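Notes follow the structure.
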Amino acid sequence: MHLYKTMKNFLFDQEYFIDIWEDYIHVFGIIDIELLEEYKIILVLEKFSFIIEGLQFRVLKLTKNEILVQGVLEKVMVKR
Amino acid sequence: MNSFLWIEIDAKQKSRFLLKCFKCKIPIYETYEEKNCFFFRILDKDYAKIKKFWFIKAKVKEETGFLKIKKEILHHHIFLIALLLGIFFLFFLSHMIVDVKVVHSNKEIRELLEAALQEKGIKKNSLRKSYEEIEQIKKEILNQYPSKLEWIEIERTGMKYIVRVEERKIENKEEEKTSCHIVATKDGIIKDLIYSKGVSLVKVNDVVKKGDILISGIIKKDEEERNIVCASGNVFAEVWYQVSASVPMEYEELIKTGKKRYNIRFQNSYYDDFIFKSRLNQYVEEKKEFLNVLGQRFFLVTQYEVRSEKKKYTESEALERALNEVLEKINSTLSEKEEIIDKKVLKKEINNSTMNIEVFVALKESIGEVQEFVKEMENE
């Protein structure tokens, strides 16, 4: 697993990335979470804050620098 | 190996809890909600940290990974131990040899081979050998007895070794002697004479000395040498010996006190001892086998307590004992047609609780020995 992560980091060495699907959003590279509610989530990244608004947000996975959220996405904002 | 825990908390506190987890760097691998409860999966090592969060009441719902395996093992430990023991026992039995059978009509060969096999570790109640070991043992035994064994095959049938052997038959190429006498090896009086070749030079009741020719290989007629053969036959003569022996005048006799105890003796090829500690200091025992499972033998032992008492032989008893000892010793050296003719005690004396005797013994003993001679020398 460690080897896989090392390879992944080596091949895909990004400071952050955000993946958006129909009802999922995956954010990598978060350094803080300002708000975590069912209708709004504010994630702090290195150079900006990432705001998601919608309905029935549910955290599926949460580690020290990434988050996977399920829910109905209505609005996405970047605040510098 | 990572172990995970599924934890259950109140769904109302989930946002606060998730933020706290993020701050404390506790990774959450999976979540779901059900009836106002929030379930999440974490590493078991993080559970201690979560328990410290005062605003939630965490409850372990399920264990996964190594912890689950450990729990299952502990839960079914009796079954697992029995299974392992069963497998071990099966393995042990399938590698066990309970009998070794040597197939051959000659008892001497059978005994010889059984002893050799035992020495090499092929014996009852032992573990079976590998193919390479068997081959090595076969080779070693054949090298050990090159003149007796031609071929060996060790075949395993179930828990038995069947050993087939072929005896080596070497033709007796002993050179036939063409000219020999039968001469006396001892002084004596001739008592019996049986011969198939040659000419007898002595008759019954003749006194002969060591080296005298008894049966000659030279056949003469009217003082003229007609033929030369190798004399053969058996000549028995009365010979005399003086034998001494000594026996102690005192002996120890074991007398039963009437007390008896029962015990069980366990015996196999590695172990032979009582199961219970014997409570008698000195005893004689009688044993009876009551169970024998795969060479594991159990005996019911009756122990009779005895005390030893020092006793003294009378002079006549000691003399009889000493005489018997002498006769037994002589008898063990005699062959089938040899016998003791007469015996007489020459001297007896008692010294330091020991009786010393000297006995004169007359024996009927074979005294003839084949001796070759050279024809030319005889003619001269």
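No value in this document is a laboratory result; all are computed from the given coordinates. Predicted, not measured: the structure shown is a model, and the values here were computed from it. Virtual Cβ from ideal backbone geometry, glycine too; neighbours counted across all protein chains shown.
Taking 2.2 N^0.38 Å as the expected size of a compact globular protein, what ratio does the Cα radius of gyration of the stretch B:317-380 give against it, to two decimals?
Ratio of Cα Rg to 2.2 N^0.38 Å: 1.80.
What separates the Cα centres of the stretch B:27-59 and the stretch B:149-212 is a distance of 98 Å.
Each Lys and Arg contributes +1 and each Asp and Glu -1, all at the Cβ; summed about the Cα centre of the stretch B:176-244, the dipole is approximately 140 debye. May I ask you to list the aspartates and glutamates whose Cα is less than 15 Å away from that of A:LYS75, ignoring any residue fewer than eight positions away on the same chain? Counting by Cα, and skipping residues close in sequence, A:LYS75 has these aspartates and glutamates nearby: A:ASP19, A:GLU22, A:ASP23, A:GLU37, A:GLU38, A:GLU53. Multiplying the residue separation of B:GLN282 and B:THR257 by 0.36 nm and removing their Cα-Cα distance gives an extension gain of 8.0 nm. Projecting the alpha carbon convex hull of the stretch B:76-165 along each direction and taking the average yields 6.4 nm².
In chain B, the longest principal axis of the Cα atoms and the axis of helix B:107-119 are about 40 degrees apart. Using alpha carbons only, how many degrees (0 to 90, rounded to 10) separate the axis of helix B:14-23 from the longest principal axis of chain B? Taking the Cα atoms of chain B, the angle to B:14-23 is about 60 degrees. Each residue of the stretch B:356-372 was assigned a 3J(HN,Hα) from its phi angle through the Karplus expression (A = 6.51, B = -1.76, C = 1.60, θ = phi - 60°), giving 10, 10, 10, 10, 9, 10, 10, 10, 9, 9, 6, 10, x, 9, 6, 9, 6 Hz with x at Gly and Pro. Adding -39500 (n - 2.57) for every DSSP H run of four residues or longer, then dividing by how many residues chain B holds, sets the calculated 222 nm ellipticity at -7500 deg cm²/dmol. Taking the stretch B:350-369 and a reference point 7 angstrom along Cα→Cβ of B:LYS310, the backbone N atoms nearer than 16 Å belong to B:352-355.
Dividing the radius of gyration of the alpha carbons in chain B by their Kirkwood radius gives 1.35 for Rg/Rh.
When both bridge partners sit in chain B, DSSP labels roughly 95% of those beta bridges antiparallel. The stretch A:40-61 and the stretch B:218-243 have their alpha-carbon centroids 129 Å apart.
3J(HN,Hα) couplings calculated from phi for the stretch B:224-229 with the Karplus curve 6.51 cos²θ - 1.76 cosθ + 1.60 (θ = phi - 60°) are, in sequence order, 10, 5, 9, 8, 10, 10 Hz; Gly and Pro show x.
A simple spin-label model places the labels of B:LYS25 and A:PHE12 2.3 nm from each other, with each point 7 Å out along Cα-to-Cβ. Structural size metrics of the stretch A:1-45, computed from C-alpha coordinates, are Rg and Dmax of 13.2, 37 Å.
Over the protein assembly as shown, what number does the Rg to Rh ratio reach, with both radii from the alpha-carbon atoms and Rh per Kirkwood? Walk me through the intermediate numbers first.
Details: Rg = 50.0 Å, Rh = 35.0 Å.
Result for the protein assembly as shown is an Rg/Rh of 1.43.
The aspartates and glutamates within cross-link reach of B:LYS203, meaning a Cα-to-Cα straight distance under 14 Å and a gap of 8 or more places when in the same chain, are B:ASP192, B:ASP212, B:GLU238. Remark: the B:TYR271-B:GLU111 segment gains 55.2 nm on full extension, using 0.36 nm per residue and subtracting the alpha carbon distance. Using a 10 angstrom cutoff on alpha carbons, build the Gaussian network for chain B and name the most mobile of B:LEU327, B:LEU43, B:LEU93. Maximum fluctuation in the GNM of chain B, among the listed residues, is at B:LEU43.
In the structure shown, the pairs B:LYS177/B:LYS364; A:LYS5/B:LYS61; A:LYS79/B:LYS20; B:LYS71/B:LYS124 are assessed against 32 Å; a Cα-Cα span above that value is assigned to B:LYS71/B:LYS124. Going through the cross-link list B:LYS169/B:LYS220; A:LYS47/B:LYS59; B:LYS210/B:LYS347; B:LYS221/B:LYS337, which pairs have a Cα-Cα distance over 31 Å in this structure? The pairs that break the limit, which is 31 Å between Cα atoms, are B:LYS169/B:LYS220; A:LYS47/B:LYS59; B:LYS221/B:LYS337. With contacts taken as Cα pairs under 8 Å at a separation of at least 6 residues, chain A carries a relative contact order of 26 percent.
With q set to 0.18 Å⁻¹, the log10 of I(q)/I(0) for the stretch B:1-113, from the Debye formula over equal scatterers at the Cα positions, is -0.91. Structure remark: mean-square fluctuation, Gaussian network model of chain B, C-alpha springs under 10 Å; the largest value among B:GLU34, B:GLU365, B:GLU339 belongs to B:GLU34.
Applying a 4.7 Å cutoff between beta carbons, the unpaired cysteines of chain B are B:CYS21, B:CYS24, B:CYS37. Excluding same-chain neighbours fewer than eight residues apart, the lysines reachable from B:LYS256 by a Cα-Cα span under 28 Å are B:LYS277, B:LYS287, B:LYS288, B:LYS310, B:LYS311, B:LYS312. Of all the options A:ASP13, A:ASP32, A:ASP23, the one that moves most in a Gaussian network model of chain A with Cα springs shorter than 10 angstrom is A:ASP13.
Think of chain B as having a plus end and a minus end, set by charges on the Cβ of Lys, Arg, Asp and Glu; of B:LEU346, B:GLY188, B:ILE367, B:LEU346 sits farthest toward the positive end of this dipole.
Helix A:2-11 and the longest principal axis of the C-alpha atoms of chain A enclose an angle of approximately 80°.
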